[in-house]
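In what follows, a single structure is set out as structure tokens and then discussed.
Every number here is computed from the coordinates shown, using simple stated rules; none is lab data. In this text the structure is predicted, and so the values were computed from the model without any measurement. All Cβ positions, glycine included, derive from the backbone under ideal geometry; neighbour counts span all protein chains shown.
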Amino acid sequence: MILFLKSLVSVIFLLVTFISLWSMLEILGKEKKYFEVHTLRHVHKIAGIAFLMLFSGLSLVGILFVVPNNGELSFRAFIHFLLAVAVFLVFSVKLAIVRRYKQLFKYVQGMGLSLFFISVLLFATSGGYYLMVYKLSFTSPPTLEVNVTANEIDGNLAQKGARLFSDNCVSCHEILSTEIKLGPGMKGILKNPTLPSSNKPATPANIIDQLTNPYKMMPSFKDKLSQDQMKAIIEYLKTL
């Protein structure tokens with residue numbers, strides 16, 4: 001739910017970006033203006049403040065989500081990080097020119113256009129990706145195969161756990177690596193000494209506790225999965 005709300009806020013961020021671009025183009029790109037310059041500047045200033053607040057809030061949420069997971073960033077997440085840094089740098093320099101270095105004002109329009117395109121890409125790699133893949137998709141989650149090699153694993157229960165994991169978890173967690181998707185990857189999760197986010201001992205009991213009383217950003221499955229279903233998921237995790 002938190003990730004879904006973050007994605008919706010990022011849609012507002014994208015809308016503010018468009019308003020900021022439109023007001024800039026109206027001010028600097030037209031000889032005959034349909035709105036008063038004073039009004040356009042006021043709109044652009046408000047959009048800029050909203051842009052900064054939304055970007056700061058979304059960045060903070062992203063940092064709070066990624067840092068505790070102790071996993072490698074996926075390629076998409078790494079690109080998203082680089083784009084966020086680029087937005088911060090371009091916005092900071094643009095603001096500095098407007099506030100203190102007015103002799104360089106001729107560069108502001110180009111920086112504004114760059115900021116717009118980078119911000120759109122930033123949205124596409126985060127909120128846009130999440131909404132399109134996980135909330136607006138009409139396809140069913142993939143069916144996961146179970147390869148049981150250990151005698152102590154209940155194959156039938158693991159198969160049931162694979163189906164439950166596919167329905168509830170695969171959109172946020174990788175199963176073939178430890179890379180961060182939206183949450184940490186599950187590869188070898190019960191073979192490691194600690195869990196990737198909470199750093200608690202990697203035991204079935206702590207995984208059940210994570211599902212019912214999640215750490216940080218993860219949603220709770222307390223009212224969605226029964227204890228038997230959670231045990232089935234754990235049996236599947238043993239196979240990874």
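Numbers at a glance
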{"item": "Read-out Kirkwood radius over Cα pairs in Å, derived from the coordinates shown; its label in (1) 20.4; (2) 18.6; (3) 17.8", "result": "(1)"}
{"item": "Angle between the chain longest axis and helix 227-237 axis [Cα atoms, degrees, rounded to 10]", "result": "80 degrees"}
{"item": "Cα gyration tensor shape of the stretch 155-237, rounded if a/c is under 1.5, else prolate or oblate by comparing a/b with b/c", "result": "rounded"}
{"item": "Nearest 10 degrees, 0 to 90: helix 2-28 Cα axis against the chain principal axis", "result": "20 degrees"}
{"item": "Charge dipole (the stretch 2-135, unit charges on Cβ, about Cα centre) - positive-most of Ser92, Ser114, Leu40", "result": "Leu40"}
{"item": "Sorted by Cβ density within 10 Å, fewest first, the residues Glu174, Glu152", "result": "Glu152, Glu174"}
{"item": "Debye intensity ratio I(q)/I(0), log10, the stretch 2-135, q values 0.12, 0.14 Å⁻¹ (C-alpha model)", "result": "-0.51, -0.67"}
{"item": "Fluctuation leader among Asp223, Asp167, Asp154 - the chain, Gaussian network, Cα springs under 10 angstrom", "result": "Asp223"}
{"item": "His42 paired with Phe105, simple spin-label distance in nm, labels 7 Å along Cα-to-beta-carbon", "result": "2.0 nm"}
{"item": "Within the chain, helix-based [θ] at 222 nm, where runs of 4 or more DSSP H residues each add -39,500 (n - 2.57), nearest 500", "result": "-19000 deg cm²/dmol"}
{"item": "Spatially proximal lysines relative to Lys191 (Cα-Cα < 26 Å; intrachain offsets below 8 disregarded)", "result": "Lys160, Lys181, Lys200, Lys216, Lys222, Lys231, Lys238"}
